[in-house]
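Following: one structure in structure tokens, then a few remarks.
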Amino acid sequence: MTMSLLAVDDESINLMIIEESLSDKGFNVVKAKDGEEALAILNRNEFPFFAIILDRLMPKMDGIDLLKKIKHSEKWRDIPVIFQTAMSGVTDMTEGLDAGAFYYLTKPYSRALLITIVQTAVEHYIKLQKAKEDLHKGMGALRHLIKGEFRIKSIRESHELAPILANACPDPERVLTGIMEILNNAIEHGNLGISYQEKTELHNSDKLMEEIIKRLEMPEYSNRFVQILFEKFEDRINIIIKDQGQGFDWKKFLSLQAMTKNAFKTHGRGIFMARKLSFDDLTYEENGSKAIITILLGENRSDLLTDFQAS
């Protein structure tokens, strides 16, 4: 199946570069010269888009305004938006994050980086859509779950468990992406000991999943598991995710400074975004091997766009 991407830029040369770069990788690139045209294309519903490449500064409707409309639409909000910008200051990036951008490309950028970021975004979208399908497979009764313990070892098992945990929460679609991120982090970085740099190299060479499968069979990792404890209280839900690894310096990955540093990379911002968009709180204990997720219930729930600049 040919996957469609929407590229939005008021400079025709930029659209040509994007199309030439990504068409070679099998993508169908649909082009728009400004936000208004892009919105019209989205409303026509002619193509199922797997990612949107969006310029920030444009006439008629700029990138931030279009991004906000996309993220407030039930039909389009899951589509990962890759923001093109020459504005890489903390304030500019925070505005983009609050509007829903998940990926950044700083102009000028290389063809190779464009391809890598787009492939990462599309992979993320496909996984999320598959998990969302599982949300609606008769698991509504899980909202009555009060307490439970689970153990998993593999990425496949994390993708099976994430919809179950999400369905036990009052807003499953909100928490699903965050739960998947924390579970995957516990397996990849925790139990399997894949470092940030190793993941970068493996991802760039498209060998990450191959390495994960290899390590799952190695004696030093094969018996490790991730323990998940779910408990519902009157005012909140707590999900504790504990791996058997050495931990990590989690504080720097939850700070806004780290987020802006990693915003132009293929990974490294997942737990920040999980805390910001999926949960009411996320912290770590035991040197980073134990994640504690808090989801507030009823009137205690906070705004989804809580300001984490003080992190």
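List of remarks:
- Solvent-accessible ranking of Lys276, Lys232, largest area first, probe 1.4 Å: Lys232, Lys276
- Antiparallel bridge percentage (DSSP; both residues within the chain; nearest 5): 55 percent
- Heavy-atom accessible area ranking, 1.4 Å probe, most first, across Trp250, Trp76: Trp250, Trp76
- Between Met3 and Asn28, the built amide H atoms are under 5 Å apart, and every one of these is 5 or more places off in sequence or on another chain.
- For Gln244, the residues 5 or more places off, or on other chains, whose built amide H falls under 5 Å of its own are Asn191, Phe225.
- Around the Cα centre of the range 78-198, unit charges on the Cβ atoms of Lys, Arg, Asp and Glu (plus for the first two, minus for the last two) sum to a dipole of about 280 debye.
- Packing here is the average count of other Cβ atoms within 10 Å per residue, and on that basis the peptides 116-128, 190-202, highest first, run 116-128, 190-202.
- Here the peptides 8-14, 79-85 are ranked by packing, the mean other Cβ count within 10 Å, and the order with the highest first is 79-85, 8-14.
- Heavy-atom accessible surface of the chain, averaged per residue, reaches 48 Å², computed with a 1.4 Å probe.
- Portion, in percent, of the accessible area of the chain that falls on carbon or sulfur, probe 1.4 Å: 50 percent
- Cα gyration tensor category, rounded, prolate or oblate, for the range 1-124 with a/c compared to 1.5: rounded
- Between Glu181, Glu36, Glu210, the residue with the greatest mean-square fluctuation in the GNM of the chain (Cα pairs under 10 Å linked by springs) is Glu210.
The values are calculated or read from the model by the stated rules, or taken from the named source; none is laboratory data. Remember, predicted model here, so these are calculated numbers, not experimental data. So basically every Cβ, Gly included, is an ideal-geometry build from the backbone, and we count neighbours across all protein chains shown. With ligands, DNA and RNA removed, areas are computed over all heavy atoms of the protein, side chains included. Shrake-Rupley method; radii C 1.70, N 1.55, O 1.52, S 1.80 Å.
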